[in-house]
1. Each label point is 7 Å from the Cα along the Cα-to-Cβ direction; what then is the distance between the points at residue 32 and residue 119, in nm?
2. With a/c under 1.5 counting as rounded, go ahead and sort the range 1-96 into rounded, prolate or oblate using the C-alpha gyration tensor (a ≥ b ≥ c being the square roots of the eigenvalues; past the cut-off, prolate if a/b is larger than b/c, else oblate).
3. What lysines could a cross-link reach from residue 110, if we take a straight Cα to Cα line under 27 Å and drop same-chain neighbours fewer than 8 places away?
4. Where is the GNM fluctuation largest for the chain (alpha-carbon springs, 10 angstrom cutoff): 48, 156, 39?
5. Just to confirm a number: summing +1 for Lys and Arg and -1 for Asp and Glu over residues other than residue 186 whose beta-carbon lies under 11 angstrom from that of residue 186, what do you get?
6. Mind checking the full-extension length gain between residue 15 and residue 66? Use 0.36 nm per residue of separation minus the Cα-Cα distance, one decimal, nm.
7. Ordering 139, 185, 11 by accessible area with a probe of 1.4 Å, largest first, what comes out?
8. Measure off 7 Å from each Cα along the Cα-to-Cβ vector at residue 91 and residue 144, then give the distance between these two points in nanometres to one decimal.
Amino acid sequence: YALIWDLESGMLITDNDYNKLINRKKGFGVPKDGDYIVAGLDIGKSPASTVLTIVRVVENEDIFEVPTKEILNWVDLGGLDYEIQHHAILDAIVEYNISTIFVDYTGVGKPVVDRLIYACGEYVNIEPYPFTSQSKSDMWYSLTSDIAAKRIIIPANKTVRSSSQYIKFEEQIKNCQKYFNGSYMVCE
């Protein structure tokens with residue numbers, strides 16, 4: 001019947017696009033003096049993991065262009081209680097000299113964010129990000145724009161590819177499906 005299966009329809013990212021973002025020579029990154037390091041903190045409630053994604057923002061020569069984001073590491077805090085997670089996040093802030101953290105400020109995220117602001121808010125810019133249909137859609141549109149423009153660098157040398165963080169990241173991003181609810185992009 002010569003059927004052609006459209007397996008990539010409805011996926012956030014295709015395998016081909018993903019392969020264009022990975023850098024097989026880069027390992028987990030170490031920030032240098034002067035680097036602008038940001039992080040995204042997705043607070044998971046059981047059984048989901050809390051994950052801190054640490055990113056170096058690489059400015060382009062043209063100041064009007066959107067900067068490139070190079071993932072340095074993922075800190076997977078799955079299975080840990082919120083008290084231990086709090087201290088692990090503080091350790092990562094110091095280790096990577098993180099300047100700004102964007103944090104899910106919905107549900108269980110509210111007390112975590114409030115506690116982080118209290119603990120280190122005068123040294124680190126903690127940006128609460130309330131999840132609404134509009135704000136999540138804006139986040140997904142921004143991500144797909146960065147993917148299309150190849151403004152994301154994913155480390156993927158042999159050591160990184162064998163790590164549990166990378167394996168989980170790759171599985172989740174490749175299996176993420178997108179659809180539209182009106183004008184809002186929804187990804188799961």
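1. 3.0
2. The shape class here is oblate.
3. Within the straight-line limit of under 27 Å, residue 110 reaches these lysines: 45, 69, 136, 168, 178.
4. Ranking 48, 156, 39 by mean-square fluctuation puts 48 first.
5. Working: positive: 136, 178; negative: 188.
Within the 11 Å Cβ shell, the charges total +1.
6. Here the segment from residue 15 to residue 66 would lengthen by 16.0 nm.
7. Details: 139 70, 185 10, 11 40 Å².
If we order 139, 185, 11 from most to least accessible, we get 139, 11, 185.
8. Result for the modelled spin labels: 3.8 nm.
The values are calculated or read from the model by the stated rules, or taken from the named source; none is laboratory data. Source: prediction; values computed, not measured. We place every Cβ from the backbone using ideal geometry, glycine too, and count neighbours over all the protein chains shown. In case anyone asks, the SASA skips ligands and DNA or RNA and just uses the protein heavy atoms, side chains included. Shrake-Rupley method; radii C 1.70, N 1.55, O 1.52, S 1.80 Å.
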